[in-house]
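Here is the structure we will look at, set down as structure tokens.
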Amino acid sequence: MDSILIQGGRRLDGAIPISGAKNAALTLLPCALLTSDELTLTNLPRLADVDSFGHLMNMLGVSTKVDAMRPGEFGRRMTLQAREITSTVAPYDMVRRMRASILVLGPMLARAGEATVSLPGGCAIGDRPIDLHLKALEAMGAEIEIAAGYVKASAPKGRISGGEFSFPVVSVGATENALMTAVLATGRTQLFNAAREPEIVDLCNLLVAMGARIEGIGSSHLIIDGVEGLNGCTYAVMPDRIEAGSYACAAGITGGSIDLVGARPEDMLATTNALAHAGLIVELHDKGIKVTADGGMRPLALSTAPFPGFATDMQAQFMAMLCRANGESFLEETIFENRYMHVPELRRMGAEIDVRGRSAIVHGVPKLTGASVMATDLRASMSLVLAGLAAEGETEVLRVYHLDRGYERLEEKLSAVGAVIERRSAG
């Protein structure tokens, strides 16, 4: 198993190109199931999750062709085509690798009239539930059956009819599945209290480019008039706002200055506002965002919330950065349970963090010290890398396959701005 070694204590300075967004890419890929035409996605990040999703699409009958990348190039070009869906079953062995696989449910149901998908990770309904996905599909006329760890959805008349659904709580994944189902329905679908994340806007924009009819894009009230069929197109994946925010935190924790080339400021207002309140200088320009640390960092009080609030996917990175702030910071996690698993590992490096339920108090410390630490999930692993960049001595981050799921060529990007970081292969 690979690990990442970091010699910390170096100020980072330079430019980092921001890759296509993982969370958007995993939502755009299943759109290929909605048409028999070719769908070409550009600026697609080279990530383990994207590769896994591509394999799942192949199992369903989708051909995939990836253009070769030139040396030093970031982002790929992939052409997908589902002339016909040869299988409407997404098996557990594939779906268990990432929860985003549930997003093939809606497109297959919309085009083929049926879909059978394993419950993500083999989980029961209720833990990071998919019940809102299923209720939204039922509101459009789908019949749902759950048995032996699988969800089977079918359209009684062979095609979804459309309907109305109000999400009791904001759900990004459920909104995405409902959108991809509704675009081929026979009637009008209205979604209330829909998620408004930039990745949802990216999905809507792709679907419109394919011929879908969607009103209210960017709002919590989406109106979709179903069409007979969709066409193919070429579409660029949006830049990754979470990757950009993570590298902004790298500037903060190392007292450095990093130009986030390609970052889109309008997608990151909550993040850039928090950075500014922490005392960092945030400069917007025509090619992205530049973040510079100017003296000591101020503590913050942050609470995660659906967009346009502070993203839960940025909580761990800010926690690591705030370990070096002058004072006590307060963090509240309102989206997911058990998202403080990085805290014990940060403590191993000298961080002082108290966790009380869904709240955490981060006491700023004069220094962090390198240690061997273990990643538990994607964003937690990035928080450990950030801490390692600022720590005295050597940090070894284990289980880096988590990082490979969401950060394209992380060592290369950080090395280019002055980090001393390398990957050690297990064997």
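The values are calculated or read from the model by the stated rules, or taken from the named source; none is laboratory data. A quick note: this is a predicted structure, and the numbers were derived from the prediction, not measured. Because the Cβ atoms are built from the backbone with ideal geometry, glycine has one as well, and the counts that use them run over all protein chains shown.
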Checked the range 134-152 for anything over 24 Å from the mean Cα position of the chain (by Cα) and charged (D, E, K, R); matches are Glu138, Glu143, Glu145, Lys152
Counting only residues in the range 289-299 that are at pLDDT 95 or above and surrounded by fewer than 22 Cβ atoms within 10 Å (Cβ to Cβ), the one nearest to Met319 (Cα to Cα) is identified as Pro299
Expected single match for surrounded by fewer than 22 Cβ atoms within 10 Å (Cβ to Cβ) and touching an Asp or Glu at 6+ places or on another chain (Cβ under 6 Å) among Met98, Met78 is Met98
Of the residues in the range 147-160, those that are exposed (fewer than 15 other Cβ atoms within 10 Å of the Cβ) and among the hydrophobic types (A, V, I, L, M, F, W, C) come to Ala147, Ala148
- Some residue of the range 376-386 being crowded, with 24+ Cβ neighbours inside 10 Å, over 23 Å from the mean Cα position of the chain (by Cα), without any contact (Cβ under 8 Å) to a residue 60 or more places away in the chain and not assigned by TED's automatic domain parsing to the domain that holds Pro129: no
By residue number, the members of the range 317-326 that are closer than 14 Å to Ala301 by Cβ and either in a helix (DSSP H, G or I) or not assigned by TED's automatic domain parsing to the domain that holds Gly406 (or both) are Phe318, Met319, Leu322
> Based on what the data block shows, is Phe53 assigned to a loop (DSSP other than H, G, I, E, B) and either within 21 Å of Leu260 (Cα to Cα) or of a type in the set (A, V, I, L, M, F, W, C) (or both)?
Replying inline: no
**Q.** Test: Val362 is modelled with pLDDT of 95 or more, closer than 18 Å to Met1 by Cβ, buried (at least 21 other Cβ atoms within 10 Å of the Cβ) and in the same structural domain as Gly279 (by TED's automatic domain parsing)
**A.** no
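Return the residues of the range 173-186 that are under 24 Å from Cys233 (Cα atoms) and either in contact with a Leu (Cβ under 9 Å, 6 or more places away or on another chain) or surrounded by fewer than 20 Cβ atoms within 10 Å (Cβ to Cβ) (or both); say none if nothing qualifies.
Gly173, Thr175, Glu176, Asn177, Ala178, Leu179, Met180, Thr181, Ala182, Val183, Leu184, Thr186 - these are the residues of the range 173-186 that are under 24 Å from Cys233 (Cα atoms) and either in contact with a Leu (Cβ under 9 Å, 6 or more places away or on another chain) or surrounded by fewer than 20 Cβ atoms within 10 Å (Cβ to Cβ) (or both).
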Turns out the strands (runs of 3 or more DSSP E) fully within the range 343-394 with at least 3 residues that are within 15 Å of Ala325 (Cα to Cα) are 359-363
Residue hits (the range 25-50; touching a helix residue (DSSP H, G or I) at 6+ places or on another chain (Cβ under 9 Å) and in a strand (DSSP E or B)) are Glu38, Leu39, Leu41, Asn43, Leu44
Filtering the range 206-221 down to residues that are closer than 12 Å to Met180 by Cα, in contact (Cβ under 8 Å) with a residue 12 or more places away in the chain and of a type outside the set (Lys, Arg) yields Leu206, Leu207, Met210, Ala212, Ile214
Among Ser329, Ser303, the single one that is touching a residue at least 12 places away in the same chain (Cβ under 8 Å), closer than 19 Å to Pro366 by Cβ and part of a strand (DSSP E or B) is Ser329
Exercise for review: Confirm whether Ala244 is assigned by TED's automatic domain parsing to the domain that holds Ala15 and of a type outside the set (Asp, Glu).
Suggested key: yes
Scanning the range 67-114 residue by residue, those polar (S, T, N, Q) and either in a strand (DSSP E or B) or modelled with pLDDT of 95 or more (or both) turn out to be Thr79, Gln81, Thr86, Ser87, Thr88
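If the requirement is being assigned to a strand (DSSP E or B), crowded, with 19+ Cβ neighbours inside 10 Å and within 23 Å of the chain's Cα centre (by Cα), which of these qualifies: Tyr235, Tyr247?
Tyr235 is the lone residue from the list that is assigned to a strand (DSSP E or B), crowded, with 19+ Cβ neighbours inside 10 Å and within 23 Å of the chain's Cα centre (by Cα).
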Flagged in the range 142-169 as within 20 Å of Leu207 (Cβ to Cβ) and touching a Pro at 6+ places or on another chain (Cβ under 9 Å), in numbering order, are Ala142
**Asked** Based on what the data block shows, is Val227 in contact (Cβ under 8 Å) with a residue 24 or more places away in the chain, surrounded by fewer than 20 Cβ atoms within 10 Å (Cβ to Cβ), within 20 Å of the chain's Cα centre (by Cα) and not assigned by TED's automatic domain parsing to the domain that holds Glu266?
**Response** no
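Matching residues to (1) charged (D, E, K, R); (2) within 26 Å of Pro129 (Cβ to Cβ):
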site: Val66; (1), (2): no, no
site: Phe74; (1), (2): no, no
site: Arg77; (1), (2): yes, no
site: Glu84; (1), (2): yes, no
site: Pro91; (1), (2): no, yes
site: Met94; (1), (2): no, yes
site: Met98; (1), (2): no, yes
site: Leu105; (1), (2): no, yes
site: Met108; (1), (2): no, yes
